[in-house]
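Asks: The structure that follows is given in the form of structure tokens.
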2 protein chains.
Amino acid sequence: MAAQTDRSALSDHYDIVIVGAGPVGLMLSTCLARWGYKIKHIDNRAEPTPTGRADGIQPRSLDLLRNMGLKSAIMAHQPARVYEVAFWDPPKNGKGIVRTGTWASCPSFIDARYPFTTLLHQGLIERVFIADLKKNAVEVQRPWTITDFTSNEKEDSEYPVTVQIEHVDGTASETIKAKYLFGGEGGKSFVRDQLKIAVTHKDPIAHVWGVMDGVVNTDFPDIKMKCTIHSEHGSIMVIPREDNMVRLYIQIASSTDADWHPRKTATAEEVQASAKKILAPYTIEWERVEWFSVYPIGQGISDKYTLDHRVFLGGDACHTHSPKAGQGMNTAFLDAQNLAWKIHAVESGFARRSLLETYEPERKDVAETLLSFDNKYAKLFSQRPPPADTVAAASAGATAAAAAGQEENEFIKTFKESCAFTSGYGVFYKANALNWSAAHPAQSHVVHPASTKLVPGRLFMNADVTRVVDANTVHLEQEVPLNGAFRLFIFAGKPTVTAQALRDLAAGMTRKGSFYTAYTRPDIDSVSHHERHNPHSHFFTVCSIFVAKRSNIEISRDLPALLARYRGNVYADDRHAVSAHAKMGLDQERGAVVVVRPDGYTGIVVALAEGSATVDALNQYFGSFCTKELGGTQSQL
Amino acid sequence: MAAQTDRSALSDHYDIVIVGAGPVGLMLSTCLARWGYKIKHIDNRAEPTPTGRADGIQPRSLDLLRNMGLKSAIMAHQPARVYEVAFWDPPKNGKGIVRTGTWASCPSFIDARYPFTTLLHQGLIERVFIADLKKNAVEVQRPWTITDFTSNEKEDSEYPVTVQIEHVDGTASETIKAKYLFGGEGGKSFVRDQLKIAVTHKDPIAHVWGVMDGVVNTDFPDIKMKCTIHSEHGSIMVIPREDNMVRLYIQIASSTDADWHPRKTATAEEVQASAKKILAPYTIEWERVEWFSVYPIGQGISDKYTLDHRVFLGGDACHTHSPKAGQGMNTAFLDAQNLAWKIHAVESGFARRSLLETYEPERKDVAETLLSFDNKYAKLFSQRPPPADTVAAASAGATAAAAAGQEENEFIKTFKESCAFTSGYGVFYKANALNWSAAHPAQSHVVHPASTKLVPGRLFMNADVTRVVDANTVHLEQEVPLNGAFRLFIFAGKPTVTAQALRDLAAGMTRKGSFYTAYTRPDIDSVSHHERHNPHSHFFTVCSIFVAKRSNIEISRDLPALLARYRGNVYADDRHAVSAHAKMGLDQERGAVVVVRPDGYTGIVVALAEGSATVDALNQYFGSFCTKELGGTQSQL
């Protein structure tokens, strides 16, 4: 689907050069490879990560991996699943440590499909992506490194980036012309350094961390849980892993120490000796150490994620922080996903080039939140936890308390924010052309019905529905795969009530110059009737949801032909007493149209009205970032 | 774990020769390979099933595949999932067909984890097993066939079976000595024929069926559902399949026809022409026919499954019936699973050889039920369905009706039995040494507490619990893999109430000559502390479940050391308002011990009493089929 040009077949011309095959580079590569882009992907390591590094997949990231069809390959490795975090502290009287509390890591007030953190060695995760890339004939070129690049749109508007790469042993080199360059090389980014982009440290305090993966023999009862252990001998964090492994994080030095030095280190034996003291009276012995590393890390954010919207940065190249909250890989995934669909939208002629300008503010804002959260989180973990009943209130009763109008205390607030943020469900994007607000060009009486609980810039909500065509119970938010298309969820209320509104919507979508018709597939006449998600356009997938029993819905009767064409995406909102409509605050009789971005974040909510108001609003919404003027009047499809 | 003998290393000596690599042969082979047996597995086809044949995995079979760790490999092929069955009939007035009803294929009164039928090409399922066999270095030898065999325990008590096999082209042959021979060759079984075992036809009526797999273009709205369509032009059954395929079954002839001939046939074109007429006014066109076959089939059961308990039959070699209910592969799986663990129990020295005598009665009885059900089911499907409210009552309200003491009508009864049976949850085994009854040698006041809802010979119930060690929410019935071991579920009620009973149980289990101590692993002193399921014995895996909050359970405090050793198998019964204890009718304070056979069927329920009564009952139960005299008094472990 990459825009074809005369030069696209040249062997040294690529759509994108991706440097670094860690989580951020692989996610970007995988998305773009699926959408047909020509990719040069290099990494300076001879192999995928052999041991150590990141390992935490947060609940919302698992949703994303499932949406890409990669979850089962991840889970096949039988990762550890963390449902709870245990706190251990010195007893009030006496020596040693005692468990002072446990928290759900993703409490029930978060509407998560997978309320746990998945722990798996980064190398295994990388290999899942690499296997997927192979299906699209993309191979990571190893061990190769970038040595130079330039970007000049004036000289070459189509392939403005020139990249020099070479084998790490210097025996071979290549010069590549590309439309884009992506630096996903981690904290020590050559691309970032070349661009002279500085890293700003939010918190001036830096730390030296020791991390050890291994197999242990211990009588410590919570070795299969995530634990924060404070003792008079120091503190440690325990993270369970696949294959009976356990990861220990230990803080070796802090820049607040009198003798601080960022090169301060410790041997594996020293860390083990520390761990033994901290865990006493429990015993711990190592059967095997798989990986041990000591590294200094500060909190930093790259000042810019791009200078010219041709050379981009993402992942650890843009943000560094403590490993405690397990956010690194997850933030990297979302950086890449955000950039991938935007590059696709621009290069395929759907969105104006300015769409790329939303990458940095959206993702940098999340990184800023992550860093300020990282501080709070560290503080939360370094304190003795509050009494169990306060935690219980925070986990389960908080919503009840909130509903009752009671004020939440600071702990509960921080705890809830923490859980929402670490689970990934709390990530949100601020208002812009994609995320509707009162400042958006799309304004009319049908836009953003007052009752809706969906928030533009936040994730579309999870909902169970019944697929009409085969009576399967499905997760609505997973029904459209990560295919680069915007998702139009037509909540169609009661069929008898919305019949005319649906006809008007379909007529409006069919009109020449509508957002929908303006981006029709060039091959629309030869599309197979089996094509489920993109029969008319590569940029839209439509789902219709009725508040009715499945057996009472007749797709060809209840939907106009345009919408009925998506017969695999028609649903009965009949699974729960509280319907999906009601859960999202949408009118259960009259429905509403929800536009969800290709990455699953809500774009805009529009009432489903008779007449042209609904389509007019959608035309305005898409018109704010699409390449064509939208809102014509003639029928075309 | 196969019993080692002097001859086991000889290249022509095998534990078992398995003929046929369809579902029954592969299931048997996979189980025995995992448990360390030396297997010669042959199949007369050059490749696994390329197209067609069986395709339906029923809900309970999916549980079994999950228990073997094979479910995700099956689901990776994205099989079709049938949740409902639709009925189409001629309208009261006019021509064509109309939908007259839909039924849940596995209604909610069945406590199924996966309430749908999984449809996938048999060849893909076979390949999942073949991949697993490869991990244990077993390869199916193809295309090889059996040409002769003898079985004589008097001549050779250890390897009584001699098998001649040869390459189908006659270029090579082998003579093999084996402990067992298994005929899983399908309806035309050489092994069965050689043994001169007759097939008895329960229903004298035979049918000729046409079956066609293909990809179609149709406006028939229920093409993704299982459908039974009756029209004035004939009847057809529609089964959705993976990859946009659909299977059509059409009855071509019946022995009740005036012109009946079992060789009556039809071409693919004739079947397509029939289907077009039957589906009118809807249209259907074939884009591709993947497989087409016409075959005569009657209802038959092999008179014997074995003559000498050395040469066994299973799968289609033992039972043939209409393909309508999708039971063939599922019954084959259970034949094989039943035989596999019994061979293992005998060959590893745990059970007396007479245990093998339970294979035929248990599985033949199920086949008889299947055949009589097949008739009822066919009748149910050939009738116009009753009004929707009757079906609704049957699906959802039936239990309510039953609870209210109202009599269920014939339709509801048949429907419920059908659903239970086709889902696989209705399969049960009659009383014998394994399945306790009032006639069993194990008799005392603690045996089979009156309140229990568990029925010996029926499946252990599904239950959600929280694993203590890592706070994971798990399915209790899946916690012990298919490892050939009996599962001791110690429902331990309230820790404060059962403390003494648990100590007494552990002491009794530890005593010399107890069922548990009598079968200790010979390598018990060198077993890794990571060994989760079989630290003490290959024949027992222990799980303990407390009615308590997870955070209040301390494994080392609440369980005696013997039971605490299974720290990965300790659970909090805290997931639902109705606890697992209550669901199974077990005392929520005082608990009970449930023995589950290696194949997941309940063996015996014993109250958890202080003193020795509980262990005494367990010794009596196992003593009824184990090799050693059980019930000694000295401590050993």
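The values are calculated or read from the model by the stated rules, or taken from the named source; none is laboratory data. This is a predicted model, so every value here is computed, not measured. Every residue, glycine as well, gets a Cβ built from its backbone with ideal geometry; the counts of neighbours run over all protein chains shown. Please note that ligands, DNA and RNA were not included when accessible areas were found on the heavy atoms of the full protein model with its side chains. Shrake-Rupley method; radii C 1.70, N 1.55, O 1.52, S 1.80 Å.
Asks: Can you list the distances in nanometres, one decimal and ascending, from the A:ALA431 label point to the identical position in each other copy, with the point 7 Å along Cα to Cβ?
Replies: Its label point is 7.7 nm from the equivalent points in the other copies.
Asks: Shifting gears a bit: Nearest 10 degrees, 0 to 90: what angle lies between the long axis of helix A:410-423 and the longest principal axis of chain A (Cα atoms)?
Replies: Approximately 70 degrees, to the nearest 10.
Asks: Relative contact order (percent) for segment A:1-115, with alpha-carbon contacts under 8 angstrom and 6 or more residues of separation?
Replies: 18 percent
Asks: Could you check the spin-label model distance between B:GLN164 and A:ASP156? Points 7 Å from the Cα along Cα→Cβ, value in nm.
Replies: 7.5 nm
Asks: Where in segment B:276-367 are there GluC sites (Glu not before Pro) that are in a DSSP coil and have at most 10 other Cβ atoms within 10 angstrom of their Cβ?
Replies: none
Asks: Right, next: Calculate what fraction, in whole %, of the accessible area of chain B sits on carbon and sulfur atoms when a 1.4 Å probe is rolled over the protein chains. Can you show the working numbers first?
Replies: Values: 12120 of 24200 Å².
Looking at chain B in its full context, I get 50 percent from C and S.
Asks: Please find, among residues of chain A, the one with the beta carbon closest to the rotation axis relating it to chain B, distance in whole Å.
Replies: A:SER72, 3
Asks: If you don't mind, there's one more thing I want to ask. Cα axis of helix A:23-34 to longest principal axis of chain A: angle in degrees, 0 to 90, nearest 10?
Replies: For A:23-34 against chain A, the angle is about 20 degrees.
Asks: Continuing with this model, one more query. How high is the relative contact order of segment B:464-623? Use alpha-carbon pairs under 8 Å, at least six apart in sequence, and give a whole percent.
Replies: 35 percent
Asks: Ordering A:VAL606, A:VAL547 by accessible area with a probe of 1.4 Å, largest first, what comes out?
Replies: I get A:VAL547, A:VAL606, largest accessible area first.
Asks: Using Cα-Cα distances under 8 Å and only pairs 6 or more residues apart, what relative contact order does chain B have, in percent?
Replies: 14 percent
Asks: Under the rule of at least 5 residues apart or a separate chain, name every residue whose amide H is placed under 5 Å from the amide H of A:SER302.
Replies: Hits under the 5 Å cutoff: A:THR200, A:HIS319.
Asks: How far apart, in nanometres, would the label points at A:ALA131 and B:ASN136 be if each is projected 7 angstrom from Cα along the Cα-to-Cβ direction?
Replies: 2.2 nm
Asks: Something else now. Short version: which residues of segment B:537-580 lose at least 40 Å² of accessible area, all chains versus chain alone, 1.4 Å probe?
Replies: Listed in order, they are B:ARG550, B:GLU554.
Asks: Can you give me the angle between helix B:495-510 and the longest principal axis of chain B, using Cα atoms only, in degrees from 0 to 90, rounded to the nearest 10?
Replies: The answer is roughly 80 degrees.
Asks: Quick one: with label points 7 Å out along Cα→Cβ, list the inter-copy distances for A:ASN375 in nm, shortest first?
Replies: For A:ASN375, the inter-copy label distances come out at 8.1 nm.
Asks: Once a ≥ b ≥ c are taken as the square roots of the eigenvalues of the Cα gyration tensor of the protein assembly as shown, is the result rounded (a/c under 1.5), prolate (a/b larger than b/c) or oblate (a/b not larger than b/c)?
Replies: It is oblate, given that a/c is not under 1.5 and a/b is not larger than b/c.
Asks: Something else about it: Only counting protein heavy atoms at a 1.4 Å probe, give the residues of segment A:65-98, ordered by number, whose accessible area falls by 50 Å² or more when the other protein chains are present relative to the chain alone.
Replies: A:TYR83
Asks: Any idea what Rg and Dmax come out to for chain A if you just take the C-alpha atoms, in Å?
Replies: Rg and Dmax of chain A, Cα atoms, are 25.8, 83 Å.
Asks: Then there's this: Cross-link candidates for A:LYS276: which lysines have Cα within less than 26 Å, leaving aside residues fewer than 8 places away along the same chain?
Replies: A:LYS92, A:LYS95, A:LYS224, A:LYS226, A:LYS264, A:LYS324, A:LYS379
Asks: Antiparallel DSSP bridges in the protein assembly as shown: what percent, to the nearest 5?
Replies: In the protein assembly as shown, approximately 75 percent of DSSP beta bridges are antiparallel ones.
Asks: Moving to a separate point now. Give me the 1.4 Å probe accessible area per residue for the protein assembly as shown, excluding ligands and nucleic acids, in Å².
Replies: Here the per-residue accessible area is 38 Å².
Asks: List the distances, in nm and shortest first, from the label point of B:ARG521 to the matching label points in every other copy, placing each point 7 Å from Cα along the Cα-to-Cβ direction.
Replies: Taking the point 7 Å beyond Cα along Cα→Cβ, the inter-copy spacings are 5.6 nm.
Asks: Related question: Give me the summed buried accessible area for the B-A pair, 1.4 Å probe, to the nearest 100 Å².
Replies: 2200 Å²
Asks: On to the next question. In chain A, what percentage of the DSSP-assigned beta bridges are antiparallel, given to the nearest 5?
Replies: Just about 75 percent of them are antiparallel.
Asks: Do the sum for chain B: with -39,500 (n - 2.57) for every DSSP H run of n ≥ 4, divided by all residues, what is the mean residue ellipticity at 222 nm, to the nearest 500 deg cm²/dmol?
Replies: Roughly -7500 deg cm²/dmol at 222 nm, from the helical runs in chain B.
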